[in-house]
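Take a look at the structure below.
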Amino acid sequence: MSTALSVNRRAADLVGAFVADAASLRIGVARGPLGEQLIDAGSSFPGSIAAGLRIAEICMGGVGHVALLPAGTTPNWPWTVAVRSSHPVIACLASQYAGWRLSHKAADGSFFALGSGPARALARREPLFEKLGYVDRAESGALVLESAAAPPPPVVEKIADDCGISPDSLTIIFAPTQSLAGATQIVARALEVALHKALELGFPLDRIVDGMAAAPLCPPHPDLATAMGRTNDAIIYGGQVHLFVSGDAAAAQSLAERLPSKGSRDYGRSFAELFASVNGDFYAIDPMLFSPARAIVTAIDAGATFRAGELNLGLLDASFS
């Protein structure tokens, strides 16, 4: 895997454009107590779908492309978030994946959020990076939080220290799942979810050479559990992924057959209902559920393509309505 490709350097240009367009995107930009740049994309500022698309590209470290397109596959929800990358492992797993657990307890309240985005590749605090073998070096970093609030100074200090940069070189973008931007950037993880499942299935990541995915844009909801359920259902029951892999065709066929969410023991219930049934214990849910509904895998050396899975429009409609 190339380590010359810096996701943080590439993301820095996207962050600069994001800030320059703050007014049109309806986001707020400020400096925090330690000099960190804070971008509110859906808490005190309304944010927008356009902001969510930009956040998704920042999350992918500037090596992924995200667009909102019309699609006929989900007729009641005709707008889809389409994602593609020619460096899918770096874009999705080394950058976009929300794998950095950040928390702080204080007398005046606790903070917890999952961090995603290119700053993860500077800090490398997750065991995942040992498998990826990817290292980034940059003078600035960007982190995205699914949160309604900016992190407190102790968390900002930890992020900057772990990344090896000063706080004033750190950008933190935050948006709650209930917001337009928050929902959009989460649905834009359809390719990332597929890559993570491929990792869990033991497929060699260096054989995944290109990829694209799409999932219907879900309507936001003011209730967190419902909003989170809709973003997950968009991918689990309405998502589609196409991976291009090297190597033998049999392995590509096996990957296609095992990727779709339908193979999970928890398939068939809305995510909000499932989440409530396990009393909010996210880790009690079968991890094999977190994948697109339909998978296409092309074995480029053999010129063969394999398909598996299907969309569940009925469950999607029930979740989104």
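The values are calculated or read from the model by the stated rules, or taken from the named source; none is laboratory data. All of these numbers come straight from a predicted model, not from anything done at the bench. Cβ placement follows ideal geometry from the backbone for every residue including glycine, while neighbour counts extend to all protein chains displayed.
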**Report entry** Wholly within segment 203-321, strands (runs of 3 or more DSSP E) carrying at least 1 residues that are more than 26 Å from Ala148 (Cβ to Cβ) and of a type in the set (Phe, Trp, Tyr)
**Finding:** 240-245, 304-309
Report summary line: Taking segment 119-137 and keeping residues charged (D, E, K, R) and over 15 Å from Trp100 (Cα atoms) leaves Lys131, Asp136, Arg137
Query raised in the report: Does Thr80 count as over 30 Å from Ser166 (Cβ atoms), outside the structural domain of Phe244 (by TED's automatic domain parsing) and part of a loop (DSSP other than H, G, I, E, B)?
Result: no
Query raised in the report: Out of segment 288-301, which residues are closer than 20 Å to Arg230 by Cβ and in contact (Cβ under 8 Å) with a residue 60 or more places away in the chain?
Result: Phe290, Ser291, Pro292
Requested in this report: Using the structure shown, decide if Pro78 is closer than 19 Å to Cys218 by Cβ and not aromatic (Phe, Trp, Tyr).
Outcome: yes
Query raised in the report: Can you tell me which residue in segment 95-131 is nearest to Ala12 (Cα to Cα), limited to those that are of a type outside the set (Gly, Ala, Ser), in contact (Cβ under 8 Å) with a residue 60 or more places away in the chain and surrounded by 21 or more Cβ atoms within 10 Å (Cβ to Cβ)?
Result: Pro118
Query - Selection from segment 1-33 of residues that are over 30 Å from Pro204 (Cα atoms) and either aromatic (Phe, Trp, Tyr) or not assigned by TED's automatic domain parsing to the domain that holds Ser169 (or both) - result: Phe18
Report task. Show the residue pairs that are 6+ apart or on different chains and have beta-carbon atoms under 6 Å apart, the first residue being within segment 302-314 and in the same structural domain as Ala256 (by TED's automatic domain parsing) and within 20 Å of Ile236 (Cβ to Cβ), the second being of a type in the set (Lys, Arg) and in a helix (DSSP H, G or I). Result -> Gly309/Lys262
